[in-house]
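Derivation of every value follows stated rules applied to the coordinates shown; laboratory data play no part. Keep in mind the model is a prediction, meaning the values are calculated, not measured. Cβ: placed from backbone, ideal geometry, glycine included. Neighbour counts: every protein chain shown.
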Amino acid sequence: MSTTYRPPPTATRLRFLDALRGVAITGIVFVNIPDMTGLGSDLPGADLGVARTVLDLTVQTRFVPIFEFLFGVGMWFIVSGARERGVTPWVPMVLRLTALFGIGFLHSKVYPGEVLTLYATAGLLVLPIVVLAPRWLQLGLGSVAAVTVFLLAGSSAAEVPGIMLLGAAAAAYGVPALLDRGARAVGFVFLAAAALSVAAVWLQTSAPGDPRFVAAGGRAGLVMAVAYVTGLSLLWTTRARTAIAAVFEPIGRMALTNYVTASLVVVPTGLLLGFAGSTDLVPALVLGACVIAVQSVVSRIWLHHFRYGPLEWVWRAMTWRTLPRFTAG
C-alpha cells in the first residue's frame, strides 16, 4: 500500500492554501509596484526613501518563494489528480505548463518583469522528477538545489526549480493539511524561523550594496517566507481566520487572473500619473493596496456566481481538454 499523501476531495478543499496564495499575490503586487509603475525610471540612482527600505526588509524576496512553493504544490495536485482519473499525468501537465507559458508571454507585453514564463519553463524542467521520482527524492533534490542557490547567490531565478520541487514534495508528504490545521510542528517551525529572521535581516542590513540584490537579502527572504507561512497557519486556527479568509481567500482562488489584471491596471495608471518622474514610493504603495482591495471584493462577487476565475477556467480547460462547468451551484 502506498503511503503517499492524497489530496482531500473538493468538498474538503484546503482553504488555507487559497488564503496563502492570496497573501502571496498581495505581497508580489507590492514587490512589483516600483517596476510596474516605472517609479523613478526618469531619475536613475534616485533615493526612494524609507518606504523603499521597509519594502526591502519585509516584502522583497519574501513572497516570491511562497508563490514558487505553491506552484510546486499545485503541480503535485495535478499529477495526483491525473492518476486518480486513470490517465497519464504527462499530457495534462505539459498542456498546463504550455498554456501558462502562452499566458505569460502575452502578459509580458504589458509587464516585461512578469514571471509566468519562467515558472512554466522551470515546471517543464522539474516535471520528470515530480512524475517519476519518489517523494523522498523530490525532497532531497529540491533541498539541495534550493540551499545551493541561496548559499551561493541569495535570491535569483535559479531558485525556482528547487523550491518548486520542495513544494511538490511537501504536498506528497501532506504538509498542506498540517498547515491548514496549524499542527504543533508548525508552531515549532515558526519559532525557529522567526528567531532566524532577526539574525538574517541584521545580516542583510549589514551587507554592502543594494539590500534588494545582496545574497544576504535573498537568504533573509527565504527564512522570512517560512516564518510568514507558518505564522499565517497559526493565525488560521484563531478567530483571525474569518478576516483572513474574507480578504485573501477570494484573491487566492483567482490568483492567475488577479496577477495578470493587477498589471493591466497598475502599468497604465503609473504612466498616466507620471510615476517615472517621482521618487515617492508611498503613492505607488497606496495604488497597490487599492488594487488588492478591489480585487478582493470583485473576486468574492465573481466566485459567488462562477466556480473559477476567467483565466483559471481557461487554464483548467486547456489542462484537462474539457470544458468545466463555469457557473457556481
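Looking at region 129-152, which of its residues are farther than 21 Å from R212 by Cα, in contact with a helix residue (DSSP H, G or I) (Cβ under 9 Å, 6 or more places away or on another chain) and surrounded by fewer than 17 Cβ atoms within 10 Å (Cβ to Cβ)?
P134, W136, L137, G140, S143, V144
Please determine whether any residue of region 103-113 is within 17 Å of the chain's Cα centre (by Cα), surrounded by 20 or more Cβ atoms within 10 Å (Cβ to Cβ) and within 25 Å of A199 (Cα to Cα).
Scanning region 103-113 turns up no residue that is within 17 Å of the chain's Cα centre (by Cα), surrounded by 20 or more Cβ atoms within 10 Å (Cβ to Cβ) and within 25 Å of A199 (Cα to Cα).
With region 62-181 as the region, which helices (runs of 4 or more DSSP H) entirely inside it contain at least 3 residues that are under 20 Å from F16 (Cβ atoms) and among the aromatic types (F, W, Y)?
Output list reads 64-84.
Pairs, please: C-beta under 6 Å, at least 6 apart or cross-chain, first residue under 14 Å from F188 (Cβ atoms) and without any contact (Cβ under 8 Å) to a residue 60 or more places away in the chain and in region 219-242, second polar (S, T, N, Q) and assigned to a helix (DSSP H, G or I)?
From residues that are under 14 Å from F188 (Cβ atoms) and without any contact (Cβ under 8 Å) to a residue 60 or more places away in the chain, the pairs are A227/S197.
Would you tally the residues in region 39-61 being more than 23 Å from the chain's Cα centre (by Cα) and assigned to a helix (DSSP H, G or I)?
1
Kindly indicate whether V260 is over 30 Å from F101 (Cβ atoms) and in contact (Cβ under 8 Å) with a residue 24 or more places away in the chain.
Judged against the criteria, V260 is not a match.
Would you point out which residue out of V31, V59, V50 is closer than 21 Å to S197 by Cα and either without any contact (Cβ under 8 Å) to a residue 24 or more places away in the chain or touching a strand residue (DSSP E or B) at 6+ places or on another chain (Cβ under 8 Å) (or both)?
V50
If the requirement is being hydroxyl-bearing (S, T, Y) and surrounded by fewer than 18 Cβ atoms within 10 Å (Cβ to Cβ), which of these qualifies: S197, S155, S206, S233?
None of the others qualify; the one that does is S206.
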